Amino acid sequence: MPSKKEKSLSNTDLSASFQAAVLDILMAKTKKALEKYPVKTLVVAGGVAANQGLRERLASDITDVKVIIPPLRLCGDNAGMIAYASVSEWNKENFAGWDLNAKPSLAFEGIE
């Protein structure tokens, strides 16, 4: 039995709390981006667009611009595509060096 200082948390509650926190962050960043880049339409795509909580929050919280969210059947994750591309490159023995790393702040010319 947990002490008063410890609190038992079910996996369901933990997952729901994590999702709520992530959605709060995504919504805050989306709103900030919409302020910085005044657009008329926001398109949400990819695997993240399949998240029902995100779909609901975007539909209710983003009212200044048109929000387009494709049907669930079109909201695929790219993991399968990346896995296939990886196997294809592996079969060609085309390997990256150990120094390969992601560049999260990579900038493209002409895009801020």
Quiz item: Within the range 53-112, which chymotrypsin sites (Phe, Trp or Tyr not before Pro) sit in a loop by DSSP and count at most 16 neighbouring Cβ atoms inside 10 Å?
Solution: F95, W98, F108
Quiz item: By counting other Cβ atoms within 10 Å of each Cβ, how are L34, L72 ranked from fewest to most?
Solution: L72, L34
Quiz item: Which label marks the calculated value of Cα extents along the principal axes in Å, given the options (1) 57, 47, 30; (2) 38, 28, 23; (3) 147, 25, 11?
Solution: (1)
Quiz item: When Lys and Arg each count +1 and Asp and Glu each count -1, what net charge do the other residues less than 13 Å away from A20, Cβ to Cβ, add up to?
Solution: -2
Self-check item: With at most 14 neighbouring Cβ atoms within 10 Å, loop trypsin sites (Lys or Arg not before Pro) (DSSP) excluded, longest segment of the chain
Solution: 41-91
Quiz prompt | Distant-in-sequence amide H partners of G76 (H built 1.01 Å from N, under 5 Å) | solution = G46
Quiz prompt | Calculated FRET value between N78 and E35, using beta carbons and R₀ = 30 Å, to 0.05 | solution = 0.60
Quiz item: Taking a ≥ b ≥ c as the square roots of the eigenvalues of the Cα gyration tensor of the range 54-98, is the shape rounded (a/c under 1.5), prolate (a/b larger than b/c) or oblate?
Solution: prolate
Quiz item: Anyone know which of V22, V65, V87 comes out most mobile in the 10 Å Cα GNM of the chain?
Solution: V87
Exercise. Report the local net charge at A96: Lys and Arg +1, Asp and Glu -1, summed over other residues whose C-beta lies under 15 Å from its C-beta.
Key: -1
Quiz item: Out of residues 5 or more away from L42 or on other chains, whose amide H comes under 5 Å of its own, with H placed 1.01 Å from N in the peptide plane?
Solution: K66, V67, I68
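Here, each number is a calculation from the coordinates, and none is a lab measurement. Everything numeric here is computed off the predicted structure, so don't read it as measured data. Reconstructed Cβ throughout: ideal geometry from the backbone, glycine too, with neighbour counts over all protein chains shown.
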